[in-house]
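Provided herewith is a single structure, encoded as structure tokens, for subsequent inquiry.
The values are calculated or read from the model by the stated rules, or taken from the named source; none is laboratory data. Because the structure is a prediction, the values reported are computed rather than measured. Please note: Cβ atoms are built from the backbone with ideal geometry, for glycine as well, and neighbour counts cover all protein chains shown.
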Amino acid sequence: MNWQAIKDENEVNILSQYSESGWFLTISYIMYIVIAASAYSLLPMVPVLLDMIDPLNETRPRFYIFGGEYFIVDNVEDYGKVYAFELVSAAVTAWLICAVDSMYAASIEHCLGLLAIVKLRLQMCTQPSCDSRKDVSYRLIVQLIRLHKDIIKFSIGVDLLFTDILESSYSSSFLILVGINVLFLSFECIIVLTRFGQLMELMRYSMIMVGIVVHLFYLSWPGQKLTDLSIGLFQDAYLNEWYTCSTRAQKLLGLMILRCSKPCQLTAGGIYVMNFSNFAKIVKTSMSYMTVLASFR
């Protein structure tokens, strides 16, 4: 809808730049997920390949992708079937993660493009005028305030509320994801400390721990960029040549400045704010737990 409504060449270029940024971000993330998931899923095949290349007097211990207990089959006797099932499950999980996280990042990048357009309009809106009927600044400020309101309320076009879409699609699920990631990260720190003598196990659990940290970072990054750009709008609105505008345009710009003083934030369930500060706190707390536990070994 925004691509149809925006006609200015500079503004279309801004949307295109952020669209390309979103494309690059999602493609890079998908490539990382594919490589990481493939490496983790194929790691249990190392003992099998070593038994074929350099056999020992006994079979090397077998590893599993998830290590679950399946009561309808014997994990040892039906290792191939169990591994195939877990491999398919890992592929489906990776596909779902790519789909959800990529759509989230692309949506935020589009929103960032709209905020960048508001920033451009703030820089271009201050034009002196003595004739109220030709008050260009007033009309430009009205347009940018409407766009800014649409972004804040995430209302795109007619009756589509983008905020409701994002909140209903991501807020609750991200709260669950962040909670699970924090819980798993704490447990993974403990497991890594207890697996120092087992190379394969140490590699597997270290990969999980790194994956959790990267996932949390990827979820926090778009939220941080949204907050930073929305904070920058306050400075842009305050530092432009507002004094050259008409009185009624200055009043509108004052309302704009007042609203921009409150930055836009993405939250997980309204509890956890998606930004680098909270991400750093989670990682720092987990590393502190790991350091304390390591001191008791």
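Go through segment 261-295 residue by residue and tally those that are free of Cβ contacts under 8 Å to residues at least 40 places away in the same chain and closer than 14 Å to SER230 by Cβ.
3
Let me ask something else. In a helix (DSSP H, G or I), out of contact with any Lys or Arg (no Cβ under 9 Å at 6 or more places or on another chain), modelled with pLDDT of 75 or more and not aromatic (Phe, Trp, Tyr): which single residue out of ASP236, ASP228, ASP164, ASP150 fits that description?
Exactly one residue qualifies, and that residue is ASP228.
How many of the residues in segment 187-228 are surrounded by fewer than 16 Cβ atoms within 10 Å (Cβ to Cβ) and either under 14 Å from the mean Cα position of the chain (by Cα) or under 23 Å from GLY269 (Cα atoms) (or both)?
Residues that pass the stated criteria total 3.
Limited to segment 11-65, what total is found for residues that are of a type in the set (S, T, N, Q), farther than 30 Å from LEU144 by Cα and not in a loop (DSSP other than H, G, I, E, B)?
The number of residues fulfilling the criteria is 3.
Checking MET256 against (1) farther than 26 Å from TYR32 by Cα; (2) surrounded by fewer than 15 Cβ atoms within 10 Å (Cβ to Cβ), which single condition isn't satisfied?
Of everything listed in (1) farther than 26 Å from TYR32 by Cα; (2) surrounded by fewer than 15 Cβ atoms within 10 Å (Cβ to Cβ), MET256 misses just condition (2).
Which condition breaks for GLY67 when tested against (1) more than 27 Å from TYR170 (Cα to Cα); (2) surrounded by 14 or more Cβ atoms within 10 Å (Cβ to Cβ)?
(2)
Yes/no matrix, rows are residues, columns are (1) buried (at least 19 other Cβ atoms within 10 Å of the Cβ); (2) within 32 Å of the chain's Cα centre (by Cα); (3) modelled with pLDDT of 85 or more:
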position: ALA91; (1), (2), (3): no, yes, yes
position: ASP101; (1), (2), (3): yes, yes, yes
position: GLY113; (1), (2), (3): yes, yes, yes
position: ARG139; (1), (2), (3): no, no, no
position: LEU144; (1), (2), (3): yes, yes, no
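Filtering segment 265-283 down to residues that are surrounded by fewer than 18 Cβ atoms within 10 Å (Cβ to Cβ) and assigned to a loop (DSSP other than H, G, I, E, B), which residue is modelled with the highest pLDDT?
Per the criteria, the residue is ILE271.
Further, regarding this structure: Just to be sure I understand, how many residues within segment 70-89 are loosely packed, with under 15 Cβ neighbours inside 10 Å and assigned to a loop (DSSP other than H, G, I, E, B)?
Of the residues in that region, 8 qualify.
Still on this structure, please answer the following. Residues that are in a loop (DSSP other than H, G, I, E, B) and touching an Asp or Glu at 6+ places or on another chain (Cβ under 8 Å): does segment 95-116 have at least one?
No, segment 95-116 has no match at all.
For the list (1) touching a helix residue (DSSP H, G or I) at 6+ places or on another chain (Cβ under 7 Å); (2) farther than 20 Å from SER102 by Cα; (3) of a type in the set (A, V, I, L, M, F, W, C), I need the number of the one condition that ILE231 fails.
(1)
Given the options SER21, SER38, name the one that is surrounded by 12 or more Cβ atoms within 10 Å (Cβ to Cβ), without any contact (Cβ under 8 Å) to a residue 24 or more places away in the chain, polar (S, T, N, Q) and under 28 Å from PHE174 (Cβ atoms).
Only one candidate qualifies: SER38.
If you don't mind, there's one more thing I want to ask. Does LYS262 count as buried (at least 18 other Cβ atoms within 10 Å of the Cβ) and under 16 Å from LEU115 (Cβ atoms)?
no
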